[in-house]
Amino acid sequence: MAVDVDYTVVGTSVPRLDGLKKVTGRPIYTGDIELPGMLHGAILRSTYPHARVVRVDKTRAERVPGVVAVVSGADVANTPGIDPWYGPVFRDQAILAIDKVRYIGDPVAAVVAADRESAEEALELIEVEYEPLPAVFDPVEAAQPGAPLVHEVLKPARAFADMAHVAAVGGTNVCYHQKVRKGDVEAAFARADYIFEDTYTSPPAQHAPLEPHVTLVYIDEDDRINIWTATQSPSFIRTDIAAIFRVPLNRVRVMVPYLGAGYGSKLYDKLEPLTAYLAYITRKPVRIALSRPEEFLTITKHAVVARCKMGVMKNGDIIACETENYWNTGAYADIGPRVVHKSGYTSAGPYKFPNVKIDAYCVYTNNVPAGAFRGFGVPQIVWAYESQMDVVAHNLGIDPLELRLRHALDEGDEFATGTPMISIGVKQSLRQVAEAIGWDPPRPPRRVYPGSGPLRGKGLACGVKAVLTPSISGAVVHMNADGSVTVLSSTVEMGQGSETALAQIAAEELGVPIQKVRVHLPDTDVTPYDTITAGSRSTYHMGNAIRRAAGQIKQQLFEAAAEVLEANPEDLVLRNERIFVRGAEERGLTIPEVFAVKLGALGTNLVGEATYKTIAEPLDHETGQSKKSTEFWFSGATAAEVEVDPETGQVRVLKLVAAADVGKEVNPHHCVQQIEGAAILTLGLTFFEWMNVDQGQVTNASFLDYQLPSLKDVPPEIVALSVTVPHPDGPYGAKGVGESGTLSVQAAIGNAIYNAVGVRVKDLPITPEKILRALRAAEQS
Amino acid sequence: MGGSSAAALAADHPLGSGGDVKRTITLIVNGVERQLEVQDHWLLSDVLREQLKLYSVREGCGTAVCGSCTVLLDGRPIASCLTLAARLDGRRIETVEGLSQGERLHPIQEAFLEERAFQCGYCTPGYIMAVKGLLDENPDPSEEELLDYLAGNYCRCAGYPDILRAVNSSRLKLARQRAAAGPPTGS
């Protein structure tokens with residue numbers, strides 16, 4: 001790795017600014033905030049997957065001592081002055097279900113009481129009469145004409161520029177359809193020597209941040225709606241709450257303390273509309289805190305059925321890729337259309353296939369809503385195309401690494417959307433993981449004979465994701481007369497270390513030690529608009545905004561210092577808290593001295609502000625073609641060595657190598673943390689995490705029945721590698737790192753298992769039972 | 001399950017449900033004797049958070065699986081989210097708030113800080129207490145003992161490699177501390 005002689009803070013693993021607080025248990029999380037007279041809300045949830053709400057009888061519940069109010073969807077609908085419908089893409093969800101419920105768990109009524117116990121007791125006394133409606137659970141069935149309709153009407157929300165094109169198509173459960181058309185796949189299949197076609201599935205899963213959703217709302221003496229909430233999208237919450245209550249944006253204030261993580265589950269509206277409504281009608285502070293079982297009924301990772309067909313020539317050239325994917329978005333769209341858009345157009349992978357046809361459908365069903373999950377759908381789709389790449393490689397006897405390198409995109413190559421690639425590190429990532437795993441010359445999968453004992457295999461996979469574009473990050477930077485710096489940013493610190501990374505960027509630009517920088521937590525009264533803290537976008541977007549804002553301050557300092565130093569501002573340098581003439585370090589002033597010259601009073605400050613906005617060329621509706629579909633790409637690769645016991649189907653991951661192209665490591669240790677953490681989280685999703693859903697009923701909605709990876713699931717050897725292909729517009733070349741480690745783990749493991757025992761499991765998670773069944777089937781054939 | 005109410009709020013609303021009978025118990029919390037009025041079904045995690053404002057005790061699952069609410073009861077880690085406070089009269093409770101001495105961190109906290117064995121920080125207090133339980137009980141655990149003991153503490157950010165390094169570093173720090181203190185006297 002090159003040594004950055006020019007940077008003093010960026011590129012070093014400075015300790016985290018939140019460290020001391022976190023090891024002493026002192027950070028305040030949303031659920032720790034209490035206000036005088038605070039009430040507690042609780043939610044009654046539908047017991048039907050799809051039903052008309054005929055009647056809600058609240059009388060017995062209202063009599064419970066301590067209960068302040070009981071409300072139903074009808075109450076919400078009849079409250080004057082509010083629009084109860086919300087959602088980031090379609091305004092399809094109501095504060096409480098109005099007229100009909102759409103999934104088991106759909107909030108149908110709520111109680112607000114002096115304490116949680118009274119609220120929970122009252123819930124049980126609410127009587128709801130339902131008239132069941134036909135329900136649909138499978139996304140493929142739901143997409144067919146004649147399927148029961150989950151929503152009769154769709155109202156586009158227009159909250160985000162990248163979703164401005166969604167249409168209100170009625171009479172179907174398909175709420176979004178992403179198409180890509182490149183070349184002519186039919187002609188290519190006709191001349192292909194081989195066609196390989198398989199279907200791969202991913203189940204619904206839980207984000208499972210250890211901090212469940214929690215929101216506190218207080219309407220103050222000025223009628224302002226103050227919200228403390230565990231969210232990754234404070235600016236969006238402000239926008240949507242203002243829309244619901246029909247108030248100007250400055251009447252809503254959203255504050256986000258440290259987050260007990262999110263992984264995508266805490267994006268867009270969750271508890272905020274209902275909590276705000278309860279505060280609105282009671283005029284008291286109200287908190288709603290979800291239990292773990294309720295988490296399972298709030299948001300999930302998308303289940304996907306992905307068919308992938310590749311046309312291949314005898315020499316191994318893949319000339320066509322057709323993929324048709326059905327995304328189960330559940331009862332409310334949430335951000336499903338964006339998930340399907342972003343993962344949809346990358347469904348043919350980081351490859352230069354000449355002919356591509358992609359159809360990705362976002363489909364309503366009567367299941368728990370699905371939303372963004374670390375990777376925005378890309379891991380599900382990588383699972384399909386990277387498994388299929390191995391199918392091709394093994395059938396043609398080509399080294400899977402070689403096959404990938406032969407087709408992988410290089411700088412300047414066109415993506416399937418027609419966008420020329422800028423800063424693409426997929427080949428570098430593949431080569432690095434291959435080297436680290438000790439990639440062997442290609443060999444056929446082993447045959448399993450009775451008593452062959454545990455067998456080892458290696459596999460690899462890669463993937464690419466496009467950052468959300470267009471999007472916006474605003475930042476304000478204050479430099480105070482003593483040289484201390486305050487950064488105002490709406491990026492949420494949810495464990496990823498953004499507070500530290502953003503402080504590093506401010507410190508670098510302003511020539512101060514990082515200890516002198518304080519990053520304000522999101523508070524929409526003082527921190528500017530930011531699209532979301534998600535999608536690996538913050539370092540790039542917020543980093544650039546902070547860099548520009550700091551640059552304005554630096555310019556002001558230089559202009560003031562230039563006069564005193566009798567130099568040109570362009571010849572000045574700001575480093576180690578001093579401004580001096582380049583090449584003559586003794587000719588300089590300290591930062592406080594410059595402030596004294598410029599402003600003359602104690603305690604003054606200089607302010608810089610910048611809004612960083614990226615632009616895309618919208619994908620053509622019919623062909624998905626665009627000269628610029630995204631601001632930047634980030635790719636990753638994974639290699640795994642596994643040992644499979646053919647007697648039991650048990651898999652041990654002996655070694656896992658995860659590489660991510662981060663562009664530039666702002667904080668190298670944090671990059672490793674992100675890559676490792678993402679990879680280990682994805683191991684859980686590979687082997688044992690899935691929500692078991694029976695006719696819309698989640699049957700394992702608790703950690704007793706839904707297991708997460710523990711220390712014991714960490715492979716004995718795990719290696720995280722930062723690949724650094726700089727981006728010309730990234731801050732110092734940086735791109736993003738939060739999701740890259742999730743992209744290709746599942747496929748790499750599946751490919752390693754195939755390499756070990758010659759069977760391929762196509763339905764996640766890869767359980768011992770499925771491996772045994774596959775081995776048995778292979779024996780019989 | 002059934003969460004409990006804030007005692008202060010329950011006191012404001014004496015007719016609140018869940019039975020009003022309270023008993024007085026004494027807990028020695030982080031070395032300080034505390035008298036508490038609790039109902040029989042109140043959970044220790046709620047009592048520590050709501051009455052004693054020990055917010056490091058965090059509920060993650062309510063089923064004693066995730067480990068976020070881990071505290072030490074007479075030196076042994078327990079899941080405070082499934083422990084009834086009323087049954088603990090006279091017992092000793094430790095939370096992470098009691099570990100550091102002023103600005104001086106406990107060696108385990110030091111190790112977690114140095115190894116950056118935290119990301120979102122939600123699991124960290126429970127993790128640190130579980131590690132203390134482990135190393136107090138078994139100062140030199142084997143890898144297998146260590147993994148078995150700590151498998152009940154989830155870190156969903158999956159900072160496990162950092163956590164493992166922190167546990168090993170904690171072990172060494174505590175060993176050095178013991179060596180510096182000289183041979184144990186008495187038994």
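The values are calculated or read from the model by the stated rules, or taken from the named source; none is laboratory data. Everything numeric in this text was worked out from a predicted model, so none of it was measured. Here Cβ is always computed from backbone atoms with ideal geometry, including for glycine, and neighbour counts include all displayed protein chains.
Structure notes:
- Flag for residue A:359 being outside any helix (DSSP H, G or I) and over 29 Å from residue A:82 (Cα atoms): yes
- Candidates B:55, B:122 - the one that is of a type in the set (Phe, Trp, Tyr), in contact with a helix residue (DSSP H, G or I) (Cβ under 8 Å, 6 or more places away or on another chain) and either under 30 Å from residue A:115 (Cβ atoms) or assigned by TED's automatic domain parsing to the domain that holds residue B:163 (or both): B:55
- Near pairs, Cβ below 7 angstrom, 6+ apart or cross-chain, from the range B:138-166 (part of a loop (DSSP other than H, G, I, E, B)) to any residue that is among the β-branched types (Val, Ile, Thr): B:153/B:70; B:155/B:163; B:158/A:680
- If the condition is being among the polar types (S, T, N, Q) and surrounded by fewer than 24 Cβ atoms within 10 Å (Cβ to Cβ), then the range B:31-75 contributes B:35, B:39, B:51, B:63.
- Among the residues listed as A:248, A:209, A:293, the single one being surrounded by fewer than 24 Cβ atoms within 10 Å (Cβ to Cβ) and within 12 Å of chain B (Cβ to nearest Cβ): A:293
- Residue identified as among the hydroxyl-bearing types (Ser, Thr, Tyr) and crowded, with 23+ Cβ neighbours inside 10 Å among A:429, A:452: A:429
- Residues satisfying the stated conditions in the range B:36-58, i.e. in a strand (DSSP E or B) and within 13 Å of chain A (Cβ to nearest Cβ): B:39, B:43
- Among residues of the range A:100-128, those that are away from chain B (no Cβ under 14 Å) and in contact with a helix residue (DSSP H, G or I) (Cβ under 7 Å, 6 or more places away or on another chain), counted: 4
- Exclusive hit being under 35 Å from the mean Cα position of the chain (by Cα), in the same structural domain as residue A:278 (by TED's automatic domain parsing) and among the acidic types (Asp, Glu), set A:92, A:138, A:57: A:92
- For residue B:91, the conditions (1) at pLDDT 95 or above; (2) within 11 Å of chain A (Cβ to nearest Cβ) are fulfilled apart from (2).
- Answer from A:588, A:543 - the residue that is of a type outside the set (Val, Ile, Thr), crowded, with 20+ Cβ neighbours inside 10 Å, in a strand (DSSP E or B) and at pLDDT 95 or above: A:588
- Filtering B:153, B:168 for residues that are modelled with pLDDT of 95 or more, out of contact with any strand residue (DSSP E or B) (no Cβ under 9 Å at 6 or more places or on another chain) and of a type outside the set (D, E, K, R) leaves a single hit, B:168.
- Within the range A:705-725, residues that are in contact (Cβ under 8 Å) with a residue 60 or more places away in the chain and more than 17 Å from residue A:685 (Cβ to Cβ) sit with their Cβ atoms under 6 Å from residues that are in a loop (DSSP other than H, G, I, E, B) and among the acidic types (Asp, Glu), at 6+ positions apart or across chains, in these pairs: A:722/A:665.
- Candidates A:389, A:479, A:421, filtered to the one that is of a type outside the set (Asp, Glu) and more than 27 Å from residue A:352 (Cα to Cα): A:479
- Check on residue B:33, modelled with pLDDT of 95 or more, farther than 28 Å from residue A:701 by Cβ and at the interface with chain A (Cβ under 9 Å from one of its Cβ atoms): no
- Residues being closer than 30 Å to residue A:499 by Cα, over 17 Å from the mean Cα position of the chain (by Cα), within 14 Å of another protein chain (Cβ to nearest Cβ) and not in a loop (DSSP other than H, G, I, E, B) are represented in the range B:113-130 by at least one member.
- One residue from A:342, A:314, A:301 being of a type outside the set (A, V, I, L, M) and modelled with pLDDT under 95: A:342
- Count of the range A:251-262 residues which are more than 14 Å from chain B (Cβ to nearest Cβ) and either in contact (Cβ under 8 Å) with a residue 60 or more places away in the chain or part of a loop (DSSP other than H, G, I, E, B) (or both): 4
- Restricting the search to helices (runs of 4 or more DSSP H) fully inside the range A:18-93 and requiring at least 1 residues that are of a type outside the set (A, V, I, L, M, F, W, C) and either away from every other protein chain (no Cβ under 13 Å) or touching an Asp or Glu at 6+ places or on another chain (Cβ under 6 Å) (or both) gives A:59-62, A:73-77.
- Selected residue [at pLDDT 95 or above, among the hydrophobic types (A, V, I, L, M, F, W, C), surrounded by fewer than 24 Cβ atoms within 10 Å (Cβ to Cβ) and in contact with a Leu (Cβ under 7 Å, 6 or more places away or on another chain)] from A:721, A:704, A:711: A:711
- Selection from the range A:296-318 of residues that are crowded, with 24+ Cβ neighbours inside 10 Å and closer than 18 Å to residue A:763 by Cα: A:300, A:301, A:302, A:303, A:304, A:306, A:308
- Residue A:427 being over 28 Å from residue A:529 (Cβ atoms), modelled with pLDDT of 95 or more and assigned to a strand (DSSP E or B): no
Let's see how each residue does on (1) of a type in the set (Phe, Trp, Tyr); (2) part of a helix (DSSP H, G or I):
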| residue | (1), (2) |
| --- | --- |
| A:190 | no, yes |
| A:201 | no, no |
| A:210 | no, no |
| A:228 | yes, no |
| A:237 | no, yes |
| A:247 | no, no |
| A:264 | no, no |
| A:267 | no, no |
| A:284 | no, no |
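- Residues located in the range A:471-509, provided they are surrounded by 24 or more Cβ atoms within 10 Å (Cβ to Cβ), in a helix (DSSP H, G or I) and touching a strand residue (DSSP E or B) at 6+ places or on another chain (Cβ under 7 Å): A:502, A:503, A:506
- Every listed requirement among (1) among the polar types (S, T, N, Q); (2) touching a strand residue (DSSP E or B) at 6+ places or on another chain (Cβ under 7 Å); (3) closer than 23 Å to residue A:387 by Cβ is met by residue A:650 save one, (2).
- Total residues in the range B:59-78, condition under 13 Å from residue B:152 (Cβ atoms), more than 11 Å from chain A (Cβ to nearest Cβ) and in contact with a strand residue (DSSP E or B) (Cβ under 7 Å, 6 or more places away or on another chain): 3
- When A:306, A:320, A:276 are screened for being in a helix (DSSP H, G or I) and either within 14 Å of chain B (Cβ to nearest Cβ) or in contact with a strand residue (DSSP E or B) (Cβ under 6 Å, 6 or more places away or on another chain) (or both), only A:276 passes.
- Tallying residues that are under 30 Å from residue A:6 (Cβ atoms) and more than 8 Å from chain B (Cβ to nearest Cβ) within the range A:674-719 yields 3.
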